[in-house]
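A.B. asks: The structure's right below; bear with me while I get my questions together.
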Amino acid sequence: GGLAMRRAERFGEKGEWARWTLRLPSVGSESVLATVEAIRTRATSLEESLGLETIVTGTMPLMLNMQDDLIGTLVRSLSLTLLATFLFFLLVTRSWRQRVGVMVVNLVPVACSMMAGYALGFELDAASVMVAAVVLSLAVDNTFHLLHAFHKTESTLEGMRTSFRRVGPPAAISACALAVGFASLAFSGFTPTARFGLLTAIGAAASLPADLILLPAFLLPSFRDDV
């Protein structure tokens, strides 16, 4: 038996090392993750009790590590996107109420996408995290246009009506076109692409009422006396 194991390269010639190979069944990601964690825990206990050095490797552990690293990278990217968006909004807003307001307005579509994913039972993966950064990037475009048009007026109630009449229809067309375009990806046979398209379409659609309803609510208090 020992000779056969050595020929199969399961044991070292001098018995200084040994290798075990496990084949995991095709089950849900949560079960695979739990199994890999159990193997790692057992390997750690062997190190402590027997003074051995253990290395848990293979396709599945490497894929899990890669997914964790990817999600961490995307989360950091989303944080940087939020920071950059806020800094740019500093250039087109005139009060802290407006600055906080525009961030809330553009986080609403992101929240809608994430809540839709939760309601549909989508797991948090690389594609799901990427949706947040993409939706935020899409949403801020119309917000910038609306704010720029508004600040070119006298910043009165009538000025807001004029600017929103001028920019509102193109913003609506843009949001609808984005929603329809990304929704077409929902018919993809590749599940991550389908989920990404559906959630991004939901976020793009939610950005329109957020801009046309919530944004004026943060601008109106600035000139209530004009009503």
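Please treat every number below as a calculation from the coordinates, not as lab data. These figures come from a predicted structure and were not determined experimentally. Every residue, glycine among them, receives a Cβ derived from its backbone with ideal geometry; neighbour counts consider all protein chains shown.
A.B. asks: With a 10 Å radius around each residue's Cβ, average the other Cβ atoms per peptide and rank 92-98, 144-150, 197-203, highest first. Could you put the intermediate results ahead of the total?
C.D. replies: Details: 92-98: 14.6, 144-150: 20.1, 197-203: 24.7.
Ranking the peptides 92-98, 144-150, 197-203 by packing returns 197-203, 144-150, 92-98.
A.B. asks: Quick one: check the C-alpha center-to-center distance for region 70-106 versus region 200-220, whole angstrom.
C.D. replies: 15
A.B. asks: Moving on. Across region 132-142, in residue order, what do the Karplus-derived ³J(HN,Hα) couplings come to in whole Hz, using 6.51 cos²θ - 1.76 cosθ + 1.60 with θ = phi - 60° and x for Gly and Pro?
C.D. replies: Per-residue couplings from phi come out as 4, 5, 5, 4, 4, 5, 6, 5, 5, 4, 5 Hz.
A.B. asks: Per residue, how big is the convex hull of region 78-128 when only Cα atoms are used? Give it in Å³.
C.D. replies: 72
A.B. asks: While we're here: Of 153, 117, 181, which is farthest on the positive side of the dipole of region 93-227, counting Cα position, with +1 on Lys and Arg Cβ, -1 on Asp and Glu Cβ, and the Cα centre as origin?
C.D. replies: So the residue we want is 153.
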